Amino acid sequence: MTAMSPARLAETFARIADTLVDDFDHAEFARFLAARARETLQVPAVGAVLVDHRGEPHIGHDAADRLAASPLWPLLRGDGPSMECHRTGTAIAVPDTDQRNNRWNRFLTEARAAGFGSLTAVPLRVRETTIGALTLLRTERGTLSDQDHRIAEAMALAAAAGVRRLGELTQAQTLAAQLQTAFSSRIVIEQAKGVLAERHGSSVDGAFGALREYARRRNLRLAELANAVVTGSEQVPPLPPASK
C-alpha cells in the first residue's frame with residue numbers, strides 16, 4: 001500500500017498528465033511513469049510500455065539496482081502480459097508466476113528468476129483507445145489490494161489522457177500547417193494567373209490553362225511554378241491558339 005503524502009501524490013498525478021512539451025520522448029516518459037508508479041505503490045519493480053502512433057512500443061522500467069540489467073525488461077515489448085494488456089485494453093493479474101502459461105512462458109520464467117512472485121498489468125487507456133500498459137511486479141504471491149489497484153489504474157489513465165492530448169494537439173498543429181500551406185499555394189497561384197493574364201493579354205482562365213499545361217509538361221508542382229512566375233524566375237509561354 002502506498003505511504004505517499006497527499007501532496008506528493010497530487011504532484012505525481014499532475015506531472016504524469018503534463019505531457020505538453022516540445023521534445024516529448026516516449027521512452028523517457030515510460031521510464032518516468034515507471035519510476036513514479038514504483039515510488040507511489042511501493043513495489044520492487046515497475047515496467048511501462050508506451051506505444052506510439054506508428055505502433056512501435058517504447059519501454060521504460062524502474063527497479064532495485066540488482067534488477068536494473070535483468071533480461072526481463074526487453075521482454076515487456078514481446079509476448080507477455082504487458083503487450084496482451086495493451087492489445088486487449090483490460091487489466092491482467094498473475095498472482096503466482098509459477099503458474100503454467102504457454103503464451104507467456106519466457107516472460108514468467110525470467111520474472112521468477114528475478115525473484116518476482118506475482119504481477120499486475122493495467123492498460124494505459126482513455127475510453128476506447130489503449131496506448132500501452134503499466135506492469136507492477138512484486139516479490140510476494142497474490143494480487144494487489146483494491147486501493148493499490150485503483151491507484152495504478154488512475155495513474156495509467158492520467159498518463160494515457162496526457163499522451164492522447166499531446167497526440168491531438170500534434171494532429172491539430174499538423175492540420176493547421178497543411179491548411180496554411182494550401183492557402184498560401186492558392187494565393188500564389190492566383191497571383192501568377194494575374195501576372196500571366198497581363199503579360200499574355202489573355203483572360204485569367206487562359207492564363208491558368210497556360211500555367212497548368214507548362215507545369216504538366218515540365219513535371220513541376222503548380223504552386224512552385226506559380227511562385228517562380230511571380231518572382232520572375234520562370235517564363236511561361238501562352239497557350240497556342242486552338243486549331244479551327
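The values are calculated or read from the model by the stated rules, or taken from the named source; none is laboratory data. Here the structure is a predicted model, which is why all the values come from computation and not from measurement. We place every Cβ from the backbone using ideal geometry, glycine too, and count neighbours over all the protein chains shown.
For the condition over 17 Å from residue 27 (Cα atoms), in the same structural domain as residue 163 (by TED's automatic domain parsing), assigned to a helix (DSSP H, G or I) and not polar (S, T, N, Q), what is the one hit in 141, 125, 100, 87? Spell out the reasoning first.
On the way: 141 fails: assigned to a helix (DSSP H, G or I); 125 fails: assigned to a helix (DSSP H, G or I); 100 fails: assigned to a helix (DSSP H, G or I).
After ruling out the rest, the residue left standing is 87.
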- request: Pull up region 84-103, narrow it to residues that are closer than 28 Å to residue 52 by Cα and of a type in the set (D, E, K, R), then point me to the one that is farthest from the chain's Cα centre (by Cα).
  value: 103
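Could you check region 25-80 and list, in sequence order, the residues that are more than 16 Å from residue 134 (Cβ to Cβ) and either among the hydroxyl-bearing types (Ser, Thr, Tyr) or touching a Ser or Thr at 6+ places or on another chain (Cβ under 9 Å) (or both)?
Within region 25-80, the subset more than 16 Å from residue 134 (Cβ to Cβ) is 25, 52-56, 64-71, 74, 78-79.
Matches in region 25-80: 53, 70.
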- request: Could you list, in sequence order, all residues of region 33-68 that are part of a loop (DSSP other than H, G, I, E, B) and within 15 Å of residue 111 (Cβ to Cβ)?
  value: 43, 44, 64
- line: When region 102-144 is checked residue by residue, the ones that are of a type outside the set (D, E, K, R) and at positive phi are 115, 132, 142
query: For residue 243, all conditions in the list (1) under 30 Å from residue 137 (Cα atoms); (2) at pLDDT below 85; (3) not β-branched (Val, Ile, Thr) hold save one; what is the number of the exception?
result: (1)
message: Looking for something among the basic types (Lys, Arg) and over 24 Å from residue 161 (Cα atoms) - is there at least one such residue anywhere in region 82-100?
response: yes
- prompt: When region 48-84 is examined, which residues are found to be modelled with pLDDT of 85 or more, surrounded by 12 or more Cβ atoms within 10 Å (Cβ to Cβ) and acidic (Asp, Glu)?
  reply: 62, 84
message: Can you go through 44, 6 and tell me which one is at pLDDT 85 or above and more than 21 Å from residue 123 (Cβ to Cβ)?
response: 44
- prompt: Would you pick out the residues in region 56-75 that are over 15 Å from residue 43 (Cβ atoms) and aliphatic (A, V, I, L, M)?
  reply: 59, 68, 69, 75
- prompt: Checking residue 132 against (1) within 14 Å of residue 51 (Cα to Cα); (2) surrounded by fewer than 17 Cβ atoms within 10 Å (Cβ to Cβ), which single condition isn't satisfied?
  reply: (2)
- prompt: In region 169-180, is there at least one residue being in contact with a helix residue (DSSP H, G or I) (Cβ under 9 Å, 6 or more places away or on another chain), at pLDDT below 85 and not hydroxyl-bearing (Ser, Thr, Tyr)?
  reply: no
